[in-house]
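The values are calculated or read from the model by the stated rules, or taken from the named source; none is laboratory data. What you see is a predicted model; the values in this text were computed from it and never measured. Ideal geometry is used to build each Cβ from the backbone, glycine not excepted, and the neighbour counts take in all protein chains shown.
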């Protein structure tokens, strides 16, 4: 896996002479592009400020985009186009135009927009790759087909081995320019890879790009590993390990593979979650039979107890501004969702529907809390506002849990389990899935083995 | 019904264990009577009963589990150099993190019972596996009932 220091470098304007000749100023063009797209009747981009996806429209009418193979150095050019195309299609909000319909392959300096209009494309992606030793220079352009204007022109340089990240960064740029909010393609997912029979299940920490590529196992499976969560820097994960049969929260550095005990606290520690500033970790610790929420300062490793009382308080998660914490507790008789101030004060219950509620996670946008609900013999994944209003169920089934937000708050990942159909556990499976927060576009996230406990990273640094 | 059967079996086996004591004292770790070595994990499983069951989302020791824990306490007092670990488990019908806590509560409840019977708490460690190390692999009430359990094992 490529270290973060190899982040593709955005070339400065002086390095992008060719692009500048095409555009008076990038900023001006972007503004023009956004406006022209709105004029073309695309959903939700009219204002250019606070624009949101019109999901109702997008789900029935995904935006048709023609993505040409990038010209120049192959196979990179074709591969980058394939990755962009797969990303956009997977979002459910775009429809890559069938390339067999292309009249040209995007090799002209200025596209013949009539050809692209004729096959129904509203946006066009072209690009060029130059290989310079072991580095690539990738130039990428996004065009608004109807008025025939360039919306974005950007160039990057990167080690050739890093070409996938270029494709993801281009995908995010397209998503953001056309939909008015940040993308989520240049991200990773850390999760638990599972194999073997359930009574001797091997559970390993594993990581991959959001499109399942660059998969890597991080632990060898000697000990149970559960519930990984990303540090905001994305280079560290907090998770629970049964190392030497002592279930505790550990920190794992992705680049070096170094694993260290978070702290020598009494009793089982579990359910870790980093603070948004990365300086502390929330977790649950069991002492005397009660599970309470603690905050652990990562510099001093000092602990601070935030909840108390004879209850199970687990799965804490900060609001994105770090001011509040949501968690689930059985203090009211069964599992329900609660919100409190970050110092543990002002605890209030927010879930009041039928059944038990668990695993609350705050959206990076702050507007929603996703949860697992167990009711009527089924499990479900849903969202509600932080005050408990507006509850919506997105997906329901035999068993599912552990929602995690993509960094733009538009997509959730979680895991689904199927029931065993015999006494030997045959038919049981655990699979990662993603779903749009409107409840459409549920799809499998492929993994080499069974998977559970996904955690979606922020956009890579 | 499984626990009842175990109970009857355990009562008979306990007598057998008493009868074999003289042999055992001479033979040390020998198995002259052909049964499990007294004070061993197998002895605990076969002659005492290593597990107690719980109701859904509960962690209080049920009436049908108390005789088992009483026998465990007596057994631990007889073999007073043996240490045990109580592992708490849950069925699959809950969320992972909550079930880790619930399993720990079940393990604690069994340990507290043993301690109340006079066993030193230092000899009884606990661990929770939540729903992640099920005993029965099915997805039905019978399997879930077997997985709502605290299992004592020799360390």
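Could you please give the count of residues in region A:83-112 that are under 18 Å from residue A:213 (Cα atoms) and either in a strand (DSSP E or B) or in contact with a helix residue (DSSP H, G or I) (Cβ under 8 Å, 6 or more places away or on another chain) (or both)?
5
What single numbered condition from (1) touching a strand residue (DSSP E or B) at 6+ places or on another chain (Cβ under 8 Å); (2) part of a loop (DSSP other than H, G, I, E, B) fails to hold for residue A:367?
Of everything listed in (1) touching a strand residue (DSSP E or B) at 6+ places or on another chain (Cβ under 8 Å); (2) part of a loop (DSSP other than H, G, I, E, B), residue A:367 misses just condition (1).
Which condition does residue A:401 not pass, out of (1) within 14 Å of another protein chain (Cβ to nearest Cβ); (2) out of contact with any helix residue (DSSP H, G or I) (no Cβ under 8 Å at 6 or more places or on another chain); (3) over 14 Å from residue A:319 (Cβ atoms); (4) not in a loop (DSSP other than H, G, I, E, B), if it passes all the others?
Among (1) within 14 Å of another protein chain (Cβ to nearest Cβ); (2) out of contact with any helix residue (DSSP H, G or I) (no Cβ under 8 Å at 6 or more places or on another chain); (3) over 14 Å from residue A:319 (Cβ atoms); (4) not in a loop (DSSP other than H, G, I, E, B), the lone unmet condition for residue A:401 is (2).
Would you point out the residue of region A:181-198, among those that are under 30 Å from residue B:149 (Cα atoms) and touching a residue at least 60 places away in the same chain (Cβ under 8 Å), that is nearest to the chain's Cα centre (by Cα)?
My answer is A:191.
Being closer than 22 Å to residue A:403 by Cα, within 12 Å of chain B (Cβ to nearest Cβ) and touching a helix residue (DSSP H, G or I) at 6+ places or on another chain (Cβ under 8 Å): is that true of residue A:293 here?
When the stated conditions are applied, residue A:293 does not pass them.
Confirm whether residue A:333 is free of Cβ contacts under 8 Å to residues at least 12 places away in the same chain, within 12 Å of chain B (Cβ to nearest Cβ) and over 22 Å from residue A:414 (Cβ atoms). Step through it out loud before you land on a result.
Numbers: free of Cβ contacts under 8 Å to residues at least 12 places away in the same chain: yes; within 12 Å of chain B (Cβ to nearest Cβ): yes; over 22 Å from residue A:414 (Cβ atoms): yes.
Here the answer is yes, as residue A:333 does meet what is asked.
Within region A:265-289, can you find the residues that are within 14 Å of another protein chain (Cβ to nearest Cβ) and surrounded by 21 or more Cβ atoms within 10 Å (Cβ to Cβ)?
Those that are within 14 Å of another protein chain (Cβ to nearest Cβ) and surrounded by 21 or more Cβ atoms within 10 Å (Cβ to Cβ): A:268, A:269, A:270, A:271, A:272, A:273, A:282, A:283, A:284, A:285, A:286.
Hey, among the residues in region A:425-448 that are in contact (Cβ under 8 Å) with a residue 12 or more places away in the chain and within 13 Å of chain B (Cβ to nearest Cβ), which one's farthest from residue A:226 (Cα to Cα)?
Residues of region A:425-448 in contact (Cβ under 8 Å) with a residue 12 or more places away in the chain: A:425, A:428-448.
Add one more test, that the residue is within 13 Å of chain B (Cβ to nearest Cβ), and what stays is A:425, A:428-430.
Numbers: A:425: 21, A:428: 18, A:429: 17, A:430: 14 Å.
Within region A:425-448, the match that is farthest from residue A:226 (Cα to Cα) is A:425.
Going by the structure shown, is residue A:455 touching a strand residue (DSSP E or B) at 6+ places or on another chain (Cβ under 6 Å) and either within 14 Å of chain B (Cβ to nearest Cβ) or at pLDDT below 95 (or both)?
yes
I'm trying to understand the selection: among the residues of region B:88-126, which are assigned to a strand (DSSP E or B) and either more than 17 Å from the chain's Cα centre (by Cα) or under 22 Å from residue A:401 (Cβ atoms) (or both)?
Hits for region B:88-126 are B:88, B:89.
Collect the residues in region A:128-149 that are touching a helix residue (DSSP H, G or I) at 6+ places or on another chain (Cβ under 7 Å) and at positive phi, keeping them in residue-number order.
A:148
Condition first: surrounded by 13 or more Cβ atoms within 10 Å (Cβ to Cβ), more than 20 Å from residue A:228 (Cα to Cα), within 23 Å of the chain's Cα centre (by Cα) and at pLDDT 95 or above. Can you find one or more residues in region A:322-331 that meet it?
yes
Just for region A:243-264: of the residues that are within 14 Å of another protein chain (Cβ to nearest Cβ) and surrounded by 16 or more Cβ atoms within 10 Å (Cβ to Cβ), which one is farthest from residue A:323 (Cα to Cα)?
Going through the qualifying residues, I end up with A:243.
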